[in-house]
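Here the structure comes first, spelled out in structure tokens, and everything after it is commentary.
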Amino acid sequence: MNVKKYSKKKHGNKTVPGAPHFKIKEFACNDGSDAIYIDVDLAKKLEKIRVHFNKPAHINSGYRPPNYNLKVGGASNSYHTKGRAFDVYIAGINPKTVAAYAESIGIKGIGCYNRSIFVHIDSRPSKYFWTENSAGRISYGTSTFGGDVSKYPTLRKGSQGSYVKKLQQRLVKKGYKIKVDGKFGTETYNAVKKLQKKYKLVVDGIVGAKTWKVLYK
Ligand SMILES: [Zn+2]
């Protein structure tokens, strides 16, 4: 967490440090107030989400002054009033898919709004997830959106399928030039070993919880 205070007038058209796809004014409240608080660490994670999906990300709601938040019926201790929560809409991407990715990169506060079509993320320190269903009802205490990488299956040479594809996509994102074909062959094996060496893990070419974690770093 690293909350910074900005002025819409003075800094609005500048990009957020570490999040070049986002201008500071995008986090402003639409009540006309000038002060904007932004957790720039969380904004960096938002940037990661933006880059991962490679689609425009619209912030439905960022900073909310406490008075405004009360008026719109927000929780009084809402992370939005501290600049530590963003509601984000990514065109053409299912909220659950966004929520799963947010979970995989270690975001602890996630609300998946399937009817309103946005995902709330915040920088709370311990995990709390909730889901709005298609009827608009919210259920609290969702255990996972499927993005808990420490629970991903262990993969090794010879493994096949969708998780191997996921692994290969992450390796490509990390700069290894390999085919994404869902088959864990020699090429993938060598890339995994290079990655493990780089991050000082046991170099065994087997993808377990620790290797999955660095893949999503
Ligand atoms: Zn929110």
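Throughout, read-outs are computed from the coordinates displayed, never taken from laboratory work. Every value quoted in this text rests on a predicted model; they were computed, and no experiment measured them. So basically every Cβ, Gly included, is an ideal-geometry build from the backbone, and we count neighbours across all protein chains shown.
Some observations on this one:
- Number of the condition not met by LYS194 [criteria: (1) outside any loop (DSSP other than H, G, I, E, B); (2) closer than 30 Å to ALA91 by Cβ]: (2)
- Leading residue by the ranking (surrounded by the fewest Cβ atoms within 10 Å (Cβ to Cβ)) among those in the stretch 108-142 that are more than 14 Å from the ligand (Cβ to nearest atom) and on the phi > 0 side of the Ramachandran plot: GLY141
- Across the stretch 88-104, the qualifying residues are those that are aliphatic (A, V, I, L, M) and in a loop (DSSP other than H, G, I, E, B), and the one among them that is nearest to SER7 (Cα to Cα) is ALA91.
- Filtering the stretch 63-87 to residues that are hydrophobic (A, V, I, L, M, F, W, C) and either within 9 Å of the ligand (Cβ to nearest atom) or assigned to a loop (DSSP other than H, G, I, E, B) (or both) leaves VAL72, ALA75, ALA85, PHE86.
- Residue match in the stretch 22-30 (condition: within 23 Å of GLY147 (Cα to Cα) and over 13 Å from the mean Cα position of the chain (by Cα)): no
- Looking only at the stretch 174-189, and only at residues there that are out of contact with any strand residue (DSSP E or B) (no Cβ under 8 Å at 6 or more places or on another chain) and in contact (Cβ under 8 Å) with a residue 24 or more places away in the chain, the one that is surrounded by the most Cβ atoms within 10 Å (Cβ to Cβ): THR188
- Lone qualifier among ILE38, ILE59, ILE49, ILE105 - being away from the ligand (no atom under 15 Å from the Cβ), within 25 Å of LYS14 (Cβ to Cβ) and of a type in the set (Val, Ile, Thr): ILE105
- Complete set of residues in the stretch 143-164 that are in a helix (DSSP H, G or I) and surrounded by 15 or more Cβ atoms within 10 Å (Cβ to Cβ): VAL149, TYR163, VAL164
- Residues satisfying the stated conditions in the stretch 47-73, i.e. of a type outside the set (Lys, Arg), under 22 Å from the mean Cα position of the chain (by Cα) and farther than 22 Å from TYR6 by Cα: ILE49, VAL51, HIS52, PHE53, ASN54, PRO56
- Hey, ILE107 in contact with an Asp or Glu (Cβ under 9 Å, 6 or more places away or on another chain), assigned to a loop (DSSP other than H, G, I, E, B) and within 20 Å of GLY147 (Cβ to Cβ) or not: yes
- The set of residues in the stretch 32-62 being touching a Ser or Thr at 6+ places or on another chain (Cβ under 7 Å) and either surrounded by fewer than 19 Cβ atoms within 10 Å (Cβ to Cβ) or part of a helix (DSSP H, G or I) (or both) consists of ASP34, ALA35, ASP41, LEU42.
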